[in-house]
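Each value in this text was obtained by applying a stated rule to the coordinates, not by laboratory testing. This is a predicted model, so every value here is computed, not measured. No Cβ is skipped: glycine too gets one built from the backbone with ideal geometry, and neighbour counts run over all protein chains shown.
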Amino acid sequence: MGNTRSVAGTAAKEIAGAGGGDAKTPRTERGRRTLRKLLDAAAVEFGEKGFHEASVSSITRRAGVALGSFYTYFDSKDALFRALVADMSEMVKSSARSAISEGMGALEIERAGLFAFLSFATEHKEVYRIIDEAEFVDPASYRDHYETIAARFVERLQAGAAKGEFRDGLGEIEAWAMMGMNVFAGLRFAVWGKQDRSPEEVAATVNRLLAEGLLRR
C-alpha cells in the first residue's frame, strides 16, 4: 500500500484542505508521518469492517499510534472517515494524472488513465467500499468525489475536441457515461477477484469501444 500512496504524494496540508478541515494539519515531518499512518490504517480498517464496525482504538493499534494521539489529528471517527475519503479521492485522481504525459493523443490519454485506475484499484480494493459507504456516512464527500472526477472527464473531452481528435459537443453526459464504464470495469476486473483480464486488456478494450462504438461498420 505504501508505494502507491507515496506516488500519490498527498501532503498532509492537502489532506486537511480536501477534507474540509477534518484533519488537523501537522507542523512537523514526524506529525505528517503519523497522520499518514493513521490514514493508511483507517483505509484497512474501514475497508475490512465498514464505518460502523470500525473503531478508533483498532485504527490506532494498526497504525502503532497512541490512542490519545489520535485526537491531535482528528476530532472523531467521522472526521477521520471524511479525511480518508478526500485522501483516497485525491489518490485516484493522482494515479490518473501520473499516467498522462505531454504528446499523448486524446484517446491515448483515456486509455492510460483507465489503466492507471485499474492498477490502483487492484492494489487498493478497499477504495470501492470506502467511497461507496461515503454515500451514506458523508453524502457530500461522496458526491464531491464523483463530480470532481466527472469535471476532469469534461475537460479532457473538450481538450480533445479542440485538438480535432474528438467531435464537437461532447460534455457532461458523455463524461458521466465514460466514468460509469470505468467504475464498473474496475469493480468487475480489479476488485471482485475475477482478474481474468489484465488492466492493459481491459483499458484497451474500453478504449476501442470509445473509438469505434457498437455499430457494425
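Listed values, structure above:
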quantity: In the chain, lysine pairs with alpha-carbon atoms under 22 angstrom apart (chain gap of 8 or more, or interchain); calculated: 16
quantity: Simple spin-label estimate for Glu135 and Thr28 in nanometres, 7 Å along Cα-Cβ; calculated: 4.3 nm
quantity: Nearest-20 debye value, the chain charge dipole, Cβ charges on Lys, Arg, Asp, Glu; calculated: 560 debye
quantity: Size of electric dipole in the range 88-211: Cβ of Lys, Arg +1 and of Asp, Glu -1, about Cα centre, debye, nearest 20; calculated: 300 debye
quantity: Unit charges at the beta carbon, dipole of the chain: most positive-side option, Pro26, Gly47, Met104; calculated: Pro26
quantity: Cut-off 15 Å (backbone N to label point 7 Å along Cα→Cβ of Thr122), residues of the range 99-115; calculated: 112-115
quantity: Global geometry of the range 32-91, whether rounded, prolate or oblate, following the gyration tensor of its Cα atoms and the 1.5 cut on a/c; calculated: rounded
quantity: The range 88-211: C-alpha gyration tensor shape, a/c 1.5 cut-off, then a/b vs b/c; calculated: oblate
quantity: Length gained when the stretch Ala151-Arg208 is fully extended (0.36 nm per residue, less Cα-Cα span); calculated: 18.3 nm
quantity: Two-site label geometry, Met179 and Glu165: point separation in nm, points 7 Å out along Cα→Cβ; calculated: 2.1 nm
quantity: Of the trypsin sites (Lys or Arg not before Pro) in the range 152-207, those whose Cβ has at most 11 other Cβ within 10 Å and which sit in DSSP loop; calculated: Lys163, Arg167, Lys194
